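The values are calculated or read from the model by the stated rules, or taken from the named source; none is laboratory data. In this text the structure is predicted, and so the values were computed from the model without any measurement. Glycine also receives a Cβ, built like all others from the backbone with ideal geometry; neighbour counts cover every protein chain displayed. The area values use the complete protein model at the heavy-atom level, side chains included, leaving out ligands, DNA and RNA. Shrake-Rupley method; radii C 1.70, N 1.55, O 1.52, S 1.80 Å.
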Amino acid sequence: MISVILTTFDRRDLVARALASVFVQTTAAYQAIVVDDGSTDGTAEFLSHQPIDLLRVPHSGNPAIARNAGLHRARGDLIAFLDSDDTLRPNALEDLSDALRAQPAAGFAYGDYEPDPGPRPLVPPVGDIFDRLLESDFLVTGAVLFRRELLDAVGGFDPHCSPAEDWDFWLRLAAQAGAAHVDRTVIDIGITADSVSRAPGGSIYAANRRVTRKALHWCLAHRPASIALARRKHRRSLLASARYQWRRRAIAQTVRDLAMVARVR
């Protein structure tokens, strides 16, 4: 069975569209879990009438917390996540699960998406994709399906990495298992004005600092061949943060970021 964990907050119309895309999947063996992050716009009332496992949690605005709540409810041996502004193609779950069935050694499968929000590899990597993923987060949340058994090694999402908590999670998956790729669009993504990925205040820079620092520490302990890459990525995230802080005249944080660049080992 596949557990699909959809998280939402104050998106009554969008979540209806996202859920509809789950209900029309060509594979019927799925569990639909919706985690409502304390909506006040009628979302909860709408969801209470749907054939889903509904969880309501106090509003945090942090996708990691909501997704972790969904993970505790998931019963499937395969797990996928879906954001409420995205829609799955009808064959998404079937294509992704078929890829894992065909490649038993793979721990997760990912597919293509539309539209393209940024650079991604011209030739999608398979197998050990850790280094490619550390170079750039080319995965989309709803386009990944992974084996539940990996959770014991990977754990849940890190709330302190939001709004880059998904990149951190994919890196931890890739550190434990190989990937399969579905050469087909499995999801249509939408970035709305209230998307967490557009969070103000430079939070993405702080998140990227934490993600790349965690990746570097893991490589130092477990993956010597990737240490140089991890150091380079962490330095870049610190420099990007320093540039942002300098533009907003946050001198103290700029100095801290630059000092940390010099200390990266």
query: Which percent, nearest 5, of DSSP beta bridges in the chain are antiparallel?
result: 25
query: region 38-119: which trypsin sites (Lys or Arg not before Pro) are DSSP loop and have at most 12 other beta-carbon atoms within 10 angstrom?
result: Arg75
field: 12 Å reach of a label modelled at Asp188, 7 Å along Cα-to-Cβ, counting backbone N of region 9-30
entry: 17-18, 21
statement: Between Leu122 and Phe23, the two model label points (7 Å from Cα along the beta-carbon direction) sit apart by a distance in nm of 4.4
task: Name the residue farthest towards the positive end of the dipole of the chain from the options Ala29, Asn68, His49, assuming +1 on Cβ of Lys and Arg, -1 on Cβ of Asp and Glu, about the Cα centre.
output: Asn68
- prompt: What is the dipole size for the chain, taken about its Cα centre, with +1 at each Lys and Arg Cβ and -1 at each Asp and Glu Cβ, in debye to the nearest 20?
  reply: 1720
message: I need to check one value: relative contact order of the chain, counting alpha carbon pairs closer than 8 Å and at least 6 residues apart, in percent.
response: 19
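Mind giving me the FRET efficiency for Leu151 and Arg249? R0 is 30 Å, r the Cβ-Cβ distance, nearest 0.05 is fine.
0.10
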field: Helix-only mean residue ellipticity at 222 nm for the chain, each DSSP H run of n ≥ 4 adding -39500 (n - 2.57), per residue, nearest 500
entry: -13500 deg cm²/dmol
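Given Cα pairs under 8 Å that are at least 6 residues apart, what percent is the relative contact order of region 94-144?
42 percent.
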statement: Per the charge dipole of region 81-122 (beta-carbon charges, Lys/Arg positive, Asp/Glu negative, Cα centre), the residue among Leu122, Leu82, Phe108 reaching farthest to the positive end is Phe108
statement: accessible surface per residue for region 60-164, probe 1.4 Å, DNA/RNA/ligands not counted, whole Å² -> 41
